[in-house]
1. All but one of (1) modelled with pLDDT under 90; (2) assigned to a strand (DSSP E or B) hold for A:Thr36; which doesn't?
2. Quick one: in the stretch A:32-53, of everything that is under 25 Å from B:Ala325 (Cα atoms) and of a type outside the set (A, V, I, L, M, F, W, C), which residue is surrounded by the most Cβ atoms within 10 Å (Cβ to Cβ)?
3. Any idea which residue in the stretch B:21-48 is nearest to the other protein chains (Cβ to nearest Cβ), counting only those that are part of a helix (DSSP H, G or I) and β-branched (Val, Ile, Thr)?
4. Residues that are of a type in the set (A, V, I, L, M, F, W, C) and modelled with pLDDT under 85: does the stretch A:59-67 have at least one?
5. Can you tell me which residues in the stretch B:205-221 are surrounded by fewer than 21 Cβ atoms within 10 Å (Cβ to Cβ) and within 22 Å of the chain's Cα centre (by Cα)?
6. Considering only strands (runs of 3 or more DSSP E) fully contained in the stretch A:58-165, which possess at least 3 residues that are more than 10 Å from chain B (Cβ to nearest Cβ)?
7. Pull up the stretch A:174-195, narrow it to residues that are in a helix (DSSP H, G or I) and more than 10 Å from chain B (Cβ to nearest Cβ), then point me to the one that is nearest to A:Gln117 (Cα to Cα).
8. Out of the helices (runs of 4 or more DSSP H) lying entirely within the stretch B:305-387, which hold 2 or more residues that are away from chain A (no Cβ under 12 Å), modelled with pLDDT under 90 and touching a Pro at 6+ places or on another chain (Cβ under 6 Å)?
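The values are calculated or read from the model by the stated rules, or taken from the named source; none is laboratory data. Keep in mind it's a predicted model, so treat the numbers as computed, not measured. Counting neighbours? That spans all protein chains shown, and the Cβs are built from the backbone with ideal geometry, glycine included.
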Amino acid sequence: MTQASGITRLATLRDEPPAAMPGGPADPILVVDHLTMRFGGLTAVGDVSFKVGRGDITALIGPNGAGKTTVFNCITGFYKPTEGMIRLRQQGGETYLLERLPGHDVNRLARVARTFQNIRLFPQMTVLENLLVAMHKPLMQASAFSLAGILGLPGYRRAQGEAIAKAAAWIERIGLTHRADEPAGDLPYGDQRRLEIARAMCTDPVLLCLDEPAAGLNPRESADLNTLLRLIRDEFGTSVLLIEHDMSVVMQISDRIVVLDYGIKIADGTPDEIRNDTRVIAAYLGVDDEEVADVEAEVGLTGAQA
Amino acid sequence: MAQGSTIGRVAPTVAARRTSALPEMVKDAALFALVTLGLAIPVVAYRTDLGQGTGLELTGRWGLVAGLCAAVFVLRLAQRLVLGEVSRRRDIRTLAEADSKAPARLARPGRIIGPLTLGIALTLPLLAAFGSGSLSEGRYWIDLGILILTYVMLGWGLNIVVGLAGLLDLGYVAFYAVGAYSYALLSTVFGLSFWICLPLAGLFAAAFGVLLGFPVLRLRGDYLAIVTLAFGEIIRLVLINWVDFSGGSAGLSSIPRASFFGIPFTAGEGGFASTFGLTFNPMHRVVFLYYLILVLALITNLVTLRMRRLPLGRAWEALREDEIACRSLGIDTTMTKLTAFALGAMFAGFAGSFFAVRQGFVSPESFNFLESAIILAIVVLGGMGSQLGVAVAAIAMVGAPELLRNLGFLKAVFGEGFDPNEYRLLLFGLAMVAMMVWRPRGLISERTPSVRLGARAR
Amino acid sequence: MEFFAQQFINGLTLGSIYGLIALGYTMVFGIIGMVNFAHGDVFMLSSFIALIFFLILTTWLGLTSVALVFLIVLILAMVLTALWGWAIERVAYRPLRGSFRLAPLISAIGVSIFLSNFVQVVQGARNKPVPPLVRDVIVLYQNEQYTVTLSYKQAIIMTTTALLLAGFWYLVQRTPFGRAQRACEQDRRMAALLGINVDRTISLTFVLGAALAAVAGTLYLLYYGVVSFSDGFVPGVKAFTAAVLGGIGSLPGAVLGGLIIGLIETFWSAYFSIEYKDVAAFLILIVVLIFKPSGILGRPEVEKV
């Protein structure tokens, strides 16, 4: 849509609401702007604004019920926000207003992929098939919406071969080559988590949204996950937005952290800044700001979260 | 997922079953019999019949009630004793080899039954002719073959919608009707030949599928089922009441018969027999129809098998497994469902025009909800998604009652008026429930992956 | 106007019957999220049960008191149909909890096919007429051309419906069972954790639904004086339409929906086309499900991701 070059694009981010977010990452891939989501009388997310930097791993944290998943569902097209704008700007300059796209176009056009808090694989389909489903768009085009595919034309065969090769590479990355032809539902929990991430990556996303990827993982699996996420950021250049409760994951790999509480953003900064933010600590400890110091002294914390 | 829950569930029941003693089982069976008694009063105990006058007369049938209760008692006891033991052993085995390589076990019979069934299907007219002396004598068998194959084709068509895409369509017969009436009307009004009408009928049915599907396919599963049911009924009611268009409940008759690609099956000059230098036999047409439906059914099968290996087919299966995940992967779920719906409808349309050309007569009576339910039952019993299972279920469900009807000894046992067809639907219903309770994935439930990494590597 | 008034009364009568059946749909849907497809056939079965007891009481036992016969038949039909409802849930639905999404619906279709053919086999395929129990009518309004009447039958039907609804409302709103039921509707697992016997609550829901269907079945027999094995399907679908129209899961909605469907059907037949009266009901079903699946009184469903 916008055809400007990289640098001028930055300079002319003119529809930026001035008061919304001073600072933040210089080249955001995603700008969430005054996002509000109400269910009936309940405001799950109230006027939240933040940015996700290009090539960054950004963590969205907050106590249970803070509205993190709701924000995710708005970004990935599952909910239509009551108010606000969610802008995604791809490398080439194409900009998408995610809240206006039909659900599946958030992935298909804007190339935002996601995983789910309670894993959503296709349990009866094999590991390989799970990944091939993710390559639906290129394969559909190659199969000319099944016409070329049903006749078995060479163009489609080639495309399918490539897709399988790509899937095989991902299967290897997550260490499941020996189980590639087994139903995904039969895999252990940790493997399912990684498979779901690999599946999301097979859609070639520019932004990957992970909803509690480390939930239920043991420390070794958590460490593997960290490696996988760094690989995704560094080798594929995919920006990552993740919801996570496991602070060892969050603090180690995040470039930026956004903190929500009761549907409102209470902090936004680097891991170090967040670690020392009294409001964040208060939210996590469930006390008022003023009492933080007392409580910390009581439990033996000294300003930093373990 | 399923694995986990089985293991969790099995452990306590294994223990429980071991402790259950005979007196407890008898008590349990007696309870079942008692409930049966309650259920049998009064609908079984007293039969109402129109008597001499205007009123109804009651006939007591307490003997039947007693028989039913006794049967339930014995069956329940047998189930506890025999099946309990069997399933206990199986459970223990499942526990032991929870994640071992079981698939091979079920794939093997499929490898034999499939080609065997196909072989019989291909040679049925010959077998019938030899088996019963002459082609004409074998007519019964060929007609039965046509009937079964029609249901096999409908089952395969619906399998695309229900088995692959996971959309419960209770109005499938509507598309069958669209196909049948398309041929009936196009051939009688416009004089088009069967071979032009056949693809048109498929297209019309597919168009109806799209027309209906577009607004309703975003509904949740059970609502979709009800809406398709309503749609099917509307089509039937319109066919009954729009007399000018469809001939009303009397239907349309004298629909042109099928020709051998333009050559009619008539006795005289230019007919099929004289063209090919054969002596005229009305059975030629029947055999031709048999092979016609066989080819149509096989095409349905072939397309389905191919589609499964294509991205669209994979998306259907993915949709069945998890619609939300599909959306997150950029799949347009409504369009994907629509293609499954339309393709399924198209095959029903083909089958419908075959039905019309075979019968030479169509009426709304043939397209009621029960027909949809029978096709659905075939798909469910066959194991949703399994092609072979659907074929086997169609043979068992359509063929078996037909065959039973002609078995003399059943009449000797159950009395002269006994007609197994009366009990067919009763058994259909029971079988559907039993399937859902015991084998929800169908008789042949093993899913073959559409693509393998291992095979390529080797 | 007189014609309209008469049709209005007829529509309300029919609507009462639909509303009673719809309650069974809506309760079951509310508690286990399942379309109990067999409910229409349970209704038909109850009509047969009522028919047979009616015959036993009148022809064999020679009872002549209409009120007494009606009451006994009603109670017996309710009890025995409730037993059917209980048995069906136990055999065909309970083992399926936790099975795949469409399993209960498919099983219910199986039960529906079974029930209608079971009745066909044990009672024969022909229509079963009964002599009218009550013939009297109350003339509400009369002029030269037209009389508006309320028959005793209609009065009985509306009164019974109203009384039962009141009792039923009390049951759900004010008793421990009702509380348990509402708790199960909201969150079955949590209810179980809090010590509610979920299985029993669901069983009772089916029993109640079947008992209400039996009331509808008895009233149906009283009203039309004839029943056949295939009479479950269409009223069943219409009652389901009523439940959806009123907002599935909502008890007042089911009754409201039933009355609306009854009125629409009656007026459609009276003013438009009697042949297409079923088409009207089916069309309403489709249109409501597409455009307002939450119905009039239902809560909109938020998709759980």
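1. (1)
2. Per the criteria, the residue is A:Thr36.
3. The residue in question is B:Val35.
4. yes
5. Answer for the stretch B:205-221, where residues must be surrounded by fewer than 21 Cβ atoms within 10 Å (Cβ to Cβ) and within 22 Å of the chain's Cα centre (by Cα): just B:Gly221.
6. Per the criteria, A:83-89, A:95-97.
7. Selected residue: A:Arg193.
8. Where helices (runs of 4 or more DSSP H) fall fully within the stretch B:305-387, none carries at least 2 residues being away from chain A (no Cβ under 12 Å), modelled with pLDDT under 90 and touching a Pro at 6+ places or on another chain (Cβ under 6 Å).
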